[in-house]
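Enquirer: Handing you this structure, nothing more for now.
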Amino acid sequence: MNNRPASRPGQFGAYGGAYIPETLAPAIAALVEAYTAAQADAAFWDELNALHRSFTGRPTAMTYAARLSAELGGAQIYLKREDLAHTGAHKINNALGQGLLARRMGKTRIIAETGAGQHGVATAAVCAMLGIACVVYMGAIDIERQKPNVFRMRLLGAEVRSVTSGSQTLKDAVNDAMRDWVTNPDSYYLLGSALGPHPYPTMVRDFQSVIGREAREQILQATGRLPDVVVACVGGGSNAIGIFNAFIGDEQVDLRGVEAGGRGKALGEHAARFSGGQLGVFQGTRSYVLQNDDGQIALTHSISAGLDYAAVGPEHAMLHDEERAFYTSASDEEALAAFQKLSRLEGIIPALESAHAIAEVIKLAPTMRHDQIILANLSGRGDKDIFTVADVLGVTI
Ligand SMILES: *Cc1c(COP(=O)(O)O)cnc(C)c1O
């Protein structure tokens with residue numbers, strides 16, 4: 001667990017907090033209390049860990065990318081394989097942790113938001129397994145773009161509600177999920193990234209930090225030392241904080257987050273909050289936000305739906321300002337090239353989100369020595385993205 005001092009619970013330096021409507025305050029207070037108790041209860045973590053082994057498929061593998069390392073001719077590249085976790089991405093780590101918390105709180109109904117549908121599928125799977133009713137809010141445009149995941153959620157017994165307000169994408173789905181929670185404070189809101197009001201950024205980090213704990217042990221076992229660089233893509237920031245967390249105390253380890261550079265530098269063409277964003281409060285938390293000069297939230301673009309969000313998790317904002325982690329971006333085109341390269345050289349089709357991390361590896365590895373090590377988090381598998389990629393490549397499937 002991360003032992004860095006927070007100035008106040010839920011504060012990450014100048015970032016974080018809980019900017020919520022008064023009507024949600026009792027529900028948030030109950031959540032803080034329940035999570036604080038669960039955090040200190042060994043039986044809670046024992047059950048979570050047992051389910052990670054039997055249901056999630058943890059520990060996930062670590063793979064030495066021999067052909068990619070040889071082709072790039074620099075550092076040795078290792079991949080943490082969250083693509084092998086149940087439902088195909090790291091999202092299940094958080095969905096399962098919060099699902100157990102919801103059950104512990106006696107909740108019989110779970111609400112979630114989803115963008116590409118990965119968090120929705122993970123939540124629906126956990127709810128089915130625990131026998132809890134599940135309602136997933138999803139933008140009407142995303143429902144149209146991600147039909148296979150919509151059908152998966154329905155097969156898993158979830159109700160998928162189409163969101164037709166605003167841009168009809170992820171941020172609007174979060175708004176509707178929060179609105180549902182205000183009306184139904186007895187439901188549990190299962191937020192999908194290290195975002196939103198306290199306690200979500202802390203709780204989601206804690207549930208995702210299993211990635212870094214395993215990876216640290218695996219890389220030490222495989223190489224006898226720590227990696228020189230750890231790379232992860234950053235949407236809301238949950239897979240990145242999950243792997244970074246185990247290395248934050250090792251100052252010699254360079255932490256790199258990769259945002260979506262999209263198709264250009266103009267506002268609306270990307271989701272690179274650290275290069276184009278400003279300080280702001282959005283959906284319950286204070287962080288770097290893409291907005292116009294009047295504070296209106298900007299539209300964002302990325303080839304990968306999972307990175308396509310206007311705000312970044314508050315802990316990343318702090319790590320950025322402290323220069324403990326560095327944030328860069330990869331364009332749609334670079335991510336697409338990385339997607340194809342990893343598929344052909346390693347036999348692994350990465351999620352387009354994860355391909356942003358691989359794009360950074362492709363830039364970085366040749367500048368490093370043969371005896372240096374890059375650890376990249378492969379946050380998910382790319383099966384969900386084959387239609388998008390075929391479309392961009394002009395292929396009919
Ligand atoms: C959702 C998702 C992401 C982005 O979310 P984070 O919270 O930044 O991790 C990245 N990769 C995959 C595969 C995803 O499904």
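Enquirer: Sorting check: for 170-183, 190-203, which peptide has the highest mean count of neighbouring beta carbons within 10 Å, and how do the rest follow?
Expert: Values: 170-183: 20.5, 190-203: 26.9.
Final packing ranking: 190-203, 170-183.
Enquirer: Based on the Cβ-Cβ distance from residue 108 to residue 252, what FRET efficiency comes out when R0 is 51 Å, to the nearest 0.05?
Expert: Working: r = 48 Å, r/R0 = 0.95.
Plugging the Cβ-Cβ distance into 1/(1 + (r/R0)^6) gives 0.60.
Enquirer: Calculate, axis by axis, the spread of Cα positions in region 161-238 along the three principal axes, and write the results as whole Å, longest axis first.
Expert: So the extents along the principal axes, rounded to whole Å, are 53, 28, 19.
Enquirer: So how do 304-317, 269-282 stack up, highest first, on mean other-Cβ count within 10 Å? It would help to have the intermediate numbers written out before the result.
Expert: Details: 304-317: 28.6, 269-282: 20.4.
Highest to lowest by the protection proxy: 304-317, 269-282.
Enquirer: Checking the cross-link filter: which aspartates and glutamates have an alpha carbon closer than 16 Å to that of residue 363, excluding same-chain neighbours under 8 positions apart?
Expert: 71, 228, 254, 259, 332, 333, 334
Enquirer: With unit charges on the beta carbons (Lys and Arg positive, Asp and Glu negative) and the dipole taken about the Cα centre of the chain, which residue among 173, 111, 10 sits farthest to the positive side?
Expert: Working it through, the farthest residue towards the positive pole turns out to be 111.
Enquirer: In Å and from the alpha-carbon atoms only, list the Rg and Dmax of the chain.
Expert: Gyration radius and largest Cα-Cα distance of the chain: 19.4, 57 Å.
Enquirer: Going by average Cβ neighbours within 10 Å, how do the peptides 129-140, 369-380, 83-94 rank, with the highest at the top?
Expert: Details: 129-140: 20.2, 369-380: 22.6, 83-94: 26.0.
Taking the mean over residues of other Cβ atoms within 10 Å, the ranking is 83-94, 369-380, 129-140.
Enquirer: Report, by chain and number, residues whose modeled amide H sits under 5 Å from the one on residue 327, excluding near sequence neighbours (fewer than 5 apart, same chain).
Expert: 257
Enquirer: With 25 Å as the limit, write out which pairs from 91/171; 80/171; 80/107; 91/384; 147/171; 107/384 have Cα-Cα distances beyond it, or answer none. Let's see the in-between values first.
Expert: Working: 91/171 18 Å; 80/171 29 Å; 80/107 33 Å; 91/384 14 Å; 147/171 19 Å; 107/384 31 Å.
Where the Cα-Cα span goes over 25 Å, the pairs concerned are 80/171; 80/107; 107/384.
Enquirer: Could you list, by residue number, the cysteines of the chain that have no other cysteine's beta carbon within less than 4.7 Å of their beta carbon?
Expert: Singleton cysteines: 233.
Enquirer: Additional query: Using 7 Å Cα-to-Cβ label points, what is the residue 323/residue 144 separation (nm, one decimal)?
Expert: Reported label-point gap for residue 323 and residue 144 is 4.6 nm.
Enquirer: Then there's this: Taking each pair of distinct Cα atoms in region 4-58 once, what is the resulting Kirkwood hydrodynamic radius in Å?
Expert: So the Kirkwood estimate lands at 13.7 Å.
Enquirer: To continue, here is another question. What shape does region 53-179 have by the C-alpha gyration tensor, where a ≥ b ≥ c are the square roots of the eigenvalues, rounded means a/c under 1.5, and otherwise prolate means a/b greater than b/c and oblate the rest?
Expert: Details: a/c = 2.67, a/b = 1.55, b/c = 1.72.
The shape class here is oblate.
Enquirer: Can you tell me the Rg and Dmax of region 246-360, counting just the alpha carbons, in angstroms?
Expert: Here Rg and the maximum Cα pair distance are 14.8, 47 Å.
Enquirer: Once you have the Cα-Cα distance between residue 395 and residue 25, take 0.36 nm times their residue separation minus that, and quote the gain in nm to one decimal. Walk me through the numbers on the way to the answer.
Expert: On the way: separation 370, 0.36 × 370 = 133.20 nm, distance 5.02 nm.
Result for the pair: 128.2 nm of gain on full extension.
Enquirer: Among the DSSP beta bridges whose two residues both lie in the chain, what percent are antiparallel, rounded to the nearest 5?
Expert: On the way: 16 of 50 bridges.
Rounded to the nearest five, the antiparallel share is 30 percent.
Enquirer: Could you check the spin-label model distance between residue 222 and residue 186? Points 7 Å from the Cα along Cα→Cβ, value in nm.
Expert: 4.9
Enquirer: Now, a different point. Summing +1 for each Lys or Arg and -1 for each Asp or Glu, what net charge is found among the other residues whose Cβ lies under 10 Å from the Cβ of residue 219?
Expert: On the way: positive: 80, 216, 225; negative: 214, 217.
Residues close to residue 219 contribute a combined charge of +1.
All of the numbers you see were taken from the coordinates with simple rules; none came from a lab. Fair warning: this is a prediction, and the values are worked out from it, not measured in the lab. Virtual Cβ from ideal backbone geometry, glycine too; neighbours counted across all protein chains shown.
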